[in-house]
Amino acid sequence: MSTDLTFTDDGVDVVYEGTEFELEKDLIEEATGKGFRDVTDHEVLRIVAEEPDLDGEPVRIGDVL
């Protein structure tokens, strides 16, 4: 099952195995030890799933926004 991420200025909207939730910006920064815009999509996937499917090159949230 796939994980869908939608990046906003306030955090990341996640759909994981059919469950929708939001990871707040502060939580992501605390979990990664980085500024929100420097975190990559792959790092967010690692927060959400134990063994995420990391296809392609990581993309910085700052580049998406």
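Could you run through region 13-44 and say how many residues are under 18 Å from GLY62 (Cβ atoms) and not in a helix (DSSP H, G or I)?
Summing the residues that are under 18 Å from GLY62 (Cβ atoms) and not in a helix (DSSP H, G or I) in region 13-44 gives 8.
It is to be established whether one or more residues within region 4-12 are touching a Gly at 6+ places or on another chain (Cβ under 6 Å), open to solvent by less than 60 Å² (accessible area, probe 1.4 Å) and either at pLDDT 95 or above or assigned to a loop (DSSP other than H, G, I, E, B) (or both). Give the steps one after another, and end with the answer.
To start, the set of residues in region 4-12 that are touching a Gly at 6+ places or on another chain (Cβ under 6 Å) comprises none.
No, every residue in region 4-12 fails to be touching a Gly at 6+ places or on another chain (Cβ under 6 Å), open to solvent by less than 60 Å² (accessible area, probe 1.4 Å) and either at pLDDT 95 or above or assigned to a loop (DSSP other than H, G, I, E, B) (or both).
Kindly evaluate ASP63 against the criterion of being touching a strand residue (DSSP E or B) at 6+ places or on another chain (Cβ under 8 Å) and exposed (fewer than 14 other Cβ atoms within 10 Å of the Cβ).
On the way: touching a strand residue (DSSP E or B) at 6+ places or on another chain (Cβ under 8 Å): no; exposed (fewer than 14 other Cβ atoms within 10 Å of the Cβ): yes.
Criteria not met by ASP63.
Considering only residues that are of a type in the set (Asp, Glu) and surrounded by fewer than 16 Cβ atoms within 10 Å (Cβ to Cβ), look in region 13-34 and name the one that is nearest to VAL64 (Cα to Cα).
Step by step, filter region 13-34, then rank; the result is ASP13.
The values are calculated or read from the model by the stated rules, or taken from the named source; none is laboratory data. Just so you know, these numbers come straight off a predicted model, no measurement behind them. Cβ sites come from the backbone with ideal geometry, for glycine too, and all protein chains shown count toward neighbours. Quick note on the areas: whole protein, heavy atoms, side chains included, nothing else; ligands and nucleic acids left out. Shrake-Rupley method; radii C 1.70, N 1.55, O 1.52, S 1.80 Å.
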